[in-house]
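Below is one structure, written out as structure tokens; comments come after it.
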Amino acid sequence: MIAQGRWRATAPEVKGHAGFRINCLVSPHHNARWGKLAADFMQAKRSPETLQPFVNTILGQPWKTEGEDLDEHELFGRREPFTLDQMPPEVLWLTAGVDCQDDRIEIVIMGHGETDWFVLAHRVIYGPIDGEAVWQDLDSLLRETWQHPNGGTMRIDACAVDSGDGGHLEHVMGFCRPRFGRRVVPIKGVPGFSRPLLQKSGNQHLWLAGVDAAKSQVFARVSRKQGIRFGEALAPIFFEQFASERRIVRYVRGKPEARFERIKGKRAETLDATVYALAARQLIGQRLDLRQAELASKAARKPSPAIIRSAWLNR
């Protein structure tokens, strides 16, 4: 059967690239005969813990665990009645994550409480990345202020701007370098679940973001419906992009390796920007009690004084 088999192209329109998929069902070895594999499957399917290695190593397919796919519609339904202009009192700091594309930049603004994260806003600034307009608009956004429910004034406390694969590095560096004192830093995402969320690279002006570790935290909070909350101003496109990846486990040389995989046909700008905003929190070293006191000590904005004009002023 194997000797008489042939490879069949399932995507003949693709030219110049060839990919092959194979599993144990075509193995000529005695230990992989179909009768034994069928018996192994009947034994393995009794529980997810034993079925997963069979699917990974015998069938050569990724294993999808419950809760590791994000449902964009379910997430949209979780929105709560708060916004950037009317933020929850638990918000203590604001961070921004910036994802750079050739024709726009996308920003996610996240609030950080003592334990919870609050996704407050998603902004898109259109324009060529090598122009000045998008960076001027981004600088204006980073200078904006918002009223905190306790009376204080909030602004973006830290911002992480993705330098991408190097194509945007020069422009990102040019924007971040003079704003480093405002905690505006260029970052580069690096894989690895054991990496810290943010650390300095050998280049003193570039920071490394542990995107796998950050996504793991995001996925964990989303799956247990606790610790991450979404504001009502977020549009459906935010959640479509936020749910653009899934966490899978593949076996490499017999060992399980977790990784995040992009769902075909989906964009991931808001997921990436959320991860960058989470990483930017590491730049803020202020103590929790001091920040709470700071926000509570600032009086709310005073209303404009009433002016009573004398009748003779109109003469």
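See the values below:
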item: Radius 15 Å from Cβ of residue 196, net charge of other residues (Lys, Arg +1; Asp, Glu -1); result: +4
item: Under 5 Å, built H, 5+ apart or other chain: amide partners of residue 208; result: 188, 199, 200, 201
item: Backbone HN-Hα couplings from phi across segment 117-132 [Karplus 6.51/-1.76/1.60, Hz, Gly and Pro as x]; result: 10, 10, 7, 9, 7, 10, 10, 10, 10, 8, x, x, 5, 8, x, 9
item: Number of Lys pairs (Cα under 22 Å; 8 or more positions apart or on different chains) in segment 72-291; result: 8
item: Charge tally in the Cβ shell below 15 Å around residue 133, where Lys, Arg are +1 and Asp, Glu are -1, residue 133 excluded; result: -4
item: Net dipole in debye of segment 1-108 [+1 Lys, Arg Cβ; -1 Asp, Glu Cβ; about Cα centre; nearest 20]; result: 1300
item: Sequence-distant aspartates and glutamates (8 or more away, or on other chains) whose Cα lies within less than 16 Å of residue 15; result: none
item: The chain, helix-only ellipticity at 222 nm - DSSP H runs n ≥ 4, -39,500 (n - 2.57), divided by all residues, nearest 500; result: -7500 deg cm²/dmol
item: Sorted by Cβ neighbour density within 10 Å, fewest at the top, the residues 187, 125; result: 125, 187
item: Footprinting exposure proxy for 70, 25, 197 (fewest neighbouring C-beta atoms within 10 Å first); result: 25, 197, 70
item: Where chymotrypsin sites (Phe, Trp or Tyr not before Pro) fall in DSSP loop in segment 179-278, at most 16 other Cβ within 10 Å; result: 193
item: Cα-based equivalent ellipsoid, segment 72-291: semi-axes from gyration tensor eigenvalues, Å; result: 25, 22, 18
item: Amide H partners (placed H, <5 Å) of residue 159, local residues excluded; result: 96, 184, 185
item: Between segment 72-123 and segment 1-60, the Cα center-to-center distance that results, in Å; result: 43
item: Hz values of 3J(HN,Hα) by residue in segment 262-272 - Karplus curve (6.51, -1.76, 1.60), Gly and Pro given as x; result: 6, 6, 3, x, 9, 9, 10, 4, 6, 5, 4
item: Sequence-distant residues sharing a close amide H with residue 154 (under 5 Å, placed H); result: 146, 147, 148
item: Taking 155, 8, 46 and counting other C-beta atoms within 10 Å, the order from fewest to most; result: 8, 46, 155
item: Cβ-defined net charge surrounding residue 88, 14 Å radius [Lys, Arg +1; Asp, Glu -1]; result: -4
item: Relative contact order [Cα under 8 Å, 6+ residues apart], segment 72-291, whole percent; result: 25
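Each reported figure results from applying straightforward, stated rules to the coordinates on display, with no laboratory input. All values derive from a computational prediction rather than experimental measurement. Note that we place each Cβ from the backbone using ideal geometry, even for glycine, and neighbour counts take in every protein chain shown.
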